[in-house]
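Here is the structure we will look at, set down as C-alpha cells.
The values are calculated or read from the model by the stated rules, or taken from the named source; none is laboratory data. What you see is a predicted model, and the numbers here were worked out from it, not measured in a lab. Because the Cβ atoms are built from the backbone with ideal geometry, glycine has one as well, and the counts that use them run over all protein chains shown. Areas reflect the complete protein model, heavy atoms only, side chains present, ligands, DNA and RNA absent. Shrake-Rupley method; radii C 1.70, N 1.55, O 1.52, S 1.80 Å.
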Amino acid sequence: MSLPLDRTQPPAPGPLRSFEFPPVPEDSLGNGLALRIVRLDRLPLVSTMLVLDAGEALLPAFRSGMAQLTGRALQGGTGRRSGEALAEALENLGVELGVSTGWDATTISLTSHADRLADALALVSEIVLTPSFPEAEIDRVRGQRLASLRQRRMSPSALAEDLTGYLVYPPGHPYARPASGVAEAVSGFDRVAAREWHAQRYRPGGAGLVVVGDVDPDEVRELATASFGDWTGEVSQPTAETPQASGDPGVRMVVAHRPGAVQSELRIGTVGVGRRHPDFFALQVLNTILGGAFTSRLNLNLRERNGFTYGVRSRFSFRRGSGPFTISTAVGTDVTVDAVGEALGELNLLLEEGPREEEVSAARDFLAGIFPLQMETSDRIASQITRLILYGLPSDHLSTYRDRIRGVSLQDAWEAGRRVLGDAAYVVLVVGDADEIAPGLEELGHGPVEILSEDSLPPFYPNS
C-alpha cells in the first residue's frame, strides 16, 4: 500500500546524474585548419561546423555589418553553381545550411546523414572557398538588412539592446554599435566589399572544422583533407588597438523618450569580462543567483513579490573582448521607477553582503544539472566544441566543466562579483515615456537624467 503524497512540500532534488563529455582530440591539417572529430554513434547523423575567425568585432565602424552580410550572401552561388543550383544540391542531400555571424566568428553548419558526409563536406568547401557573390544576392541581403535596421528603430526592445552598448562603451569601441551594422556602412556594402572581407578572413589559419556523429575519425580526416587540404592562407590581425572601456564608478540614468508609451524597456549595463577571464566559473554561479535562473533574486523580487514584470534576467556576454553585463526586463510605465530601484537594490545587496550558502549550492546544482541537457544532440556538442577553438580553451574544458562549477565556493562567487561589478560604471537605460518616468528617476538620487529624443538617437538606422 502506497503512502499518501504530501503535496504541501516540493519534492527534494535527486542526486546529480553522471555525465561524461566525449573526448575531443586535437588535430589539424597541414594548412593550419584545426580539426576536432568526436565519435557519437547513438544516431546515424553527423553535425559539421566550420568556424572562421571572421567576426564583427574585427571591423571598423565605417565597415560595420560587413561580416554578417558577407556570411548571409554565401548561399547566393559558387564558382560552379548558381544560387538555385546550390539550393537544389543542399535539398538533395537532405540538409539545411546555417550561416551565423557574431562578434567573434562566422560559423557554417549543417547536419547530414552519416553516409552523406563526404558530399556534405565537399559542398561546404565549395560554398566557403569559392563563393561568387552575385550582384542580385548582394542587393537582396543589403536591402533586407536596411529594412531590419528600420524595424529595430521602431522596436523598443531592439532599440534598448542597441543603445545599451552605445552608452556602456566609449566611442570607437566595436561593442558600442549594433552587431548588425549601422545604416551608412550597410548602405555601402557591395560585391567588392564582400570579396575583400572573404579574402581577408576566410582562411584556414585561425579556422576550425568540427565533425560530431557516427563517424570513423580516420575516414573523416581523409575527407577533410580532400575538401579543405588545398585551402591556404592566414588571417591578418587587427592593426589598431581596441579603445578600452572605462568610466567613473556610479550610475548614469538615460531615458530614450517614446511619448505615450505604456510600457518601458529597462536595461542596466556595465562592462563585463572576456570569455577567458579566470573568474568565468565563479561569475556564472553569481549571475545565476542574481538573475540567471527563474528562482533568481531579481525574478523573485520584480516578478513574484512585486508583480512588475513577467520576467527579468541578468547575463554576462562572454566574448573575446570584455563583453557587457546586463540586467533586462520590460515593465509598465507606472512601475518603472520602482523596478529600477528594486533591481539596483538587489544588485548592490548581493555585492555588499554576498550570497547565502544555500543560494550558491542551488546555483551550482542548477548549472551542473542543465549542462548535459545542452549536449543532447550532435549539433549542440559541435557548437560547444567550436568555442574551444574560437577562445583557445583547453580540450578538457567541457569534460571538466561541471567539476569546475561545483568547485565554486561562496567566497569565490562573492569576490568575483565584487572584483568585476563592485566599482563599475553602470548605465540605467529606460526606453519609455520620459515625461512620466524622468522625475521619479531623478528622485532615486543618482544624478540628473539624460533624455534621448528621437532626433538625438545615434546614427545607427536609416532615416526612413
Degrees between helix 191-201 axis and first principal axis of the chain (Cα, 0 to 90, nearest 10): 90
Among 105-112, 132-139, how do they line up by average Cβ neighbours within 10 Å per residue, starting with the highest? 105-112, 132-139
In terms of modelled amide H atoms, which long-range or inter-chain residues lie less than 5 Å from the amide H of A256? V430, V431, G432, L452
Taking a probe of 1.4 Å and leaving out DNA, RNA and ligands, the range 1-120 shows per residue an accessible area in Å² of 56
Non-local residues with an amide H under 5 Å from the amide H of R319, with H modelled 1.01 Å from N and Pro and chain starts lacking one, are R275
Given a 1.4 Å probe and the protein chains all in place, what does the accessible area of R305 round to, in Å² to the nearest 10? 150
Could you give me D for the range 290-430, from Stokes-Einstein at 10 °C and 1.306 mPa s, where the hydrodynamic radius is the Kirkwood radius over C-alpha pairs? Units µm² s⁻¹, please. 94
For W197, W414, write out the residues from largest to smallest accessible area, computed with a 1.4 angstrom probe and no ligands counted. W414, W197
Counting only heavy atoms of protein chains, what accessible area per residue, in Å², does the range 241-359 have with a probe of 1.4 Å? 44
Which entry in (1) 71, 66, 44; (2) 65, 48, 44; (3) 71, 53, 37 matches Cα extents along the principal axes in Å derived from the coordinates of this structure? (1)
Taking the solvent-accessible surface of protein heavy atoms with a 1.4 Å probe, what is the per residue accessible area of the range 160-231 in Å²? 38
Would you grab the residues whose amide H sits under 5 Å from the one on G181? Only those 5+ places off in sequence or on another chain, please, with H modelled 1.01 Å from N. G65
Note the full-extension length gain between Q144 and D27 as 0.36 nm times their separation in residues minus their Cα-Cα distance, in nm to one decimal. 38.2 nm
Carbon-plus-sulfur fraction of the accessible area of the range 1-119, 1.4 Å probe, in percent? 51
Using a 1.4 Å probe on the protein chains only, how many percent of the accessible area of the range 152-296 belongs to carbon and sulfur? 49
Using alpha carbons only, how many degrees (0 to 90, rounded to 10) separate the axis of helix 357-370 from the longest principal axis of the chain? 20
Taking the chain and dividing mean pair separation by its residue count, relative contact order in percent (alpha carbons under 8 Å, at least six apart): 23
Degrees separating the helix 217-228 axis from the principal Cα axis of the chain, which is the longest one: 80
Inter-label distance, nm, simple model (7 Å from Cα along the C-beta direction), R404/S453: 5.0
Do any GluC sites (Glu not before Pro) in the range 321-380 lie in a loop, going by DSSP, with at most 12 other beta-carbon atoms within 10 Å of their beta carbon, and if so which? E376
Tell me, what is the 1.4 Å probe accessible area of F19, in Å² to the nearest 10? 70
